[in-house]
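The values are calculated or read from the model by the stated rules, or taken from the named source; none is laboratory data. Remember, predicted model here, so these are calculated numbers, not experimental data. No Cβ is skipped: glycine too gets one built from the backbone with ideal geometry, and neighbour counts run over all protein chains shown. Side chains are part of the model used for accessible areas, which takes the heavy atoms of the whole protein and leaves out ligands, DNA and RNA. Shrake-Rupley method; radii C 1.70, N 1.55, O 1.52, S 1.80 Å.
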Amino acid sequence: MRHDIDIEGFGYRLRPISEEDAELVVSLRSDARLGRYLHPGAQDVESQLKWFEQYFERPGDYYFVIERLDRSTPDGVIAIYGVDSTLMTGEWGRWILRAGSPAAVESAYLIYSVAFDVLRLESIVCRTVAENQKVVSFHDSCGLKMRRILPGHFVIAGRRLDAVEHRLARRDWPDISAKLRVIARAAARRMARA
């Protein structure tokens, strides 16, 4: 959906995605290394623009570009979607970072900030293909306590794959926030010196 949420961190910000970002999304999703565990997306800009048309009309779906503050250049994309305004829950995903980007911790920190501090959700989940050990390990390292396996949750390239679901509840956000904030601030300082 079209939204105006723009949130800044230490080295990155999340800004609303727009039609001008179609080429970025296609390039990220069509990179074989980055898209290995993703549902196939649009293969060209025209198809991505058609997908955006549907996205802009869909309530409870907040798609962002992860942008470096010092250069105003995109490092990736991320979203909160499936927001249930009655239960105040949602899911975050569509998370893709350029190879070598140091934005992982800060983009997670910022998307959780949107979920809890802006949208006022009570909980949010993230579902990752279980084989994607690098990302599963990242979520584990964030300190998320609620975790479960969803057998056969994803079907990608004709394969049924298990998912690992991480859930963060509002009551646990202050502790996780403090941890991620320290790591994100340190990463931003290193990035500024590079």
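Observations
- Residue match in the range 50-60 (condition: touching a strand residue (DSSP E or B) at 6+ places or on another chain (Cβ under 6 Å), within 25 Å of ASP172 (Cα to Cα) and either among the β-branched types (Val, Ile, Thr) or open to solvent by 30 Å² or more (accessible area, probe 1.4 Å) (or both)): no
- Selection over the range 67-80 of residues that are open to solvent by 10 Å² or more (accessible area, probe 1.4 Å), of a type in the set (A, V, I, L, M) and assigned to a strand (DSSP E or B) gives a count of 0.
- Options LEU121, LEU87: the member that is more than 15 Å from the chain's Cα centre (by Cα) and buried (at least 21 other Cβ atoms within 10 Å of the Cβ): LEU121
- Within the range 81-128, the set of residues being in a loop (DSSP other than H, G, I, E, B) and under 21 Å from GLY143 (Cα atoms) comprises PRO102, ALA103, ARG120, LEU121, GLU122.
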